[in-house]
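For reference, the structure discussed in these notes is given below.
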Amino acid sequence: MNTSRVAVIIPCRNELNYIEACVQSVLDQDYPADRLHVYVVDGQSDDGTRQLIEQEFEANSRVHVLDNPNRTTPYALNIGIQHADADVSIIFGAHAVMQPYYVSGCVALLHEDPRAGCVGGMIENVNENTVAGYISQCMSSSFGVGNAHFRTGNGSGYVDTVAFGAYRREVFEQVGYFDEALTRNQDDEFNYRVKKGGWEIVLDPEVRSKYFVRGSYGKLARQYYQYGYWKVYVNVLHATVTTIRQLIPFAFVAYLFGATLLTGLWPSLLALWWSPLLVYGVLSFAISIQMDRSVQGIFMRMWVFFLLHCSYGWGYWRGIAQFVVFGRNPGQHASRTSR
């Protein structure tokens, strides 16, 4: 029987519609109840989230609510991890639920492989409206998100990052905690340090969670803009490009600007400048039609692919301008716009 003390850390702010199911999914795990606690780190919610948690789980000694006056995710993660002082800490999202075997599966993986500092599984998207369905399909495609295997399901074993990872205590003792300057990408940056510290990150597709996809093109665009923007700051911190896939949207946006400029200078070569975009469109169409042959579905997925790539690429360019060209650090404004 596994005897590891496990803490599930849930950063939370204004998640009234999701937090109860999230916490309950942790309490319903098949792991020994006396070895598993959940820590909801609340970032000053003002929608009734805090009151709901305290009302529904007041009598349960396994549920702990902690304050995060700084509101952002890395502060919440560090508060929860340090307060819990567990053998294994699992980083989880308030917009998600665990399958009943998630914790036991993660702990088993850590016990089986002493080189594993972090383990995680697959995310299954739950679509709450039609737009969310298009978004989740694109986010589960290699064309949309590259080799993010925890989304696409195209890989297992040693990877560069996972979502909702379970970490050994020794990892934090060796490499430190989450970087509190990073409003986004704090898990990617931390996992880079985990790998650099000599640990492996393991993905097991049989360990699964469900994530409720936000069905809004605007929210998707802001989310991926922020991912691109903060990824540059991670690169500056470590003086390296941490993953190759991040450069593709960056190059795509550069191409779009370049083609537009060249068309104005040499309009007679219009077909030459824009032929790569035609190839991109054909690929996007071919992948979209494999998912669903409805005309609306095809073109909506093509739009989502374009939005994913352009938003991330534009954020990356903005990050280069701020962090590389002008040498600025992220300020309070950047944190506010990333929430």
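The values are calculated or read from the model by the stated rules, or taken from the named source; none is laboratory data. What you are looking at is a predicted structure, and each value in this text was computed from that prediction instead of being measured. As a convention, Cβ positions derive from the backbone with ideal geometry for all residues, glycine included, and neighbour counts pool all protein chains shown.
Computed quantities for the displayed model
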{"read-out": "All helices (runs of 4 or more DSSP H) inside segment 204-303 with 3 or more residues being within 21 Å of the chain's Cα centre (by Cα)", "value": "217-238, 247-265"}
{"read-out": "Segment 183-203, residues that are in contact with a Phe, Trp or Tyr (Cβ under 8 Å, 6 or more places away or on another chain), outside any helix (DSSP H, G or I) and over 26 Å from S311 (Cα atoms)", "value": "E200, I201, V202, L203"}
{"read-out": "Residue in segment 227-235 that is outside the structural domain of L182 (by TED's automatic domain parsing), surrounded by 13 or more Cβ atoms within 10 Å (Cβ to Cβ) and in contact with an Asp or Glu (Cβ under 7 Å, 6 or more places away or on another chain) present", "value": "yes"}
{"read-out": "Any hit, segment 286-297, residues being exposed (fewer than 15 other Cβ atoms within 10 Å of the Cβ) and over 22 Å from G215 (Cα atoms)", "value": "yes"}
{"read-out": "Residue that is acidic (D, E) and touching a residue at least 60 places away in the same chain (Cβ under 8 Å), where the choices are D67, D113", "value": "D113"}
{"read-out": "Pairs with Cβ under 7 Å, 6+ apart, first in segment 268-297 and not assigned by TED's automatic domain parsing to the domain that holds Y134, second outside any helix (DSSP H, G or I)", "value": "I287/S141"}
{"read-out": "When residues of segment 112-154 are limited to those that are assigned to a helix (DSSP H, G or I), surrounded by fewer than 20 Cβ atoms within 10 Å (Cβ to Cβ) and in contact with a Ser or Thr (Cβ under 6 Å, 6 or more places away or on another chain), the one modelled with the highest pLDDT", "value": "S142"}
{"read-out": "Subset of segment 76-110 (residues that are among the polar types (S, T, N, Q), part of a helix (DSSP H, G or I) and over 16 Å from S4 (Cβ atoms))", "value": "N78, Q82"}
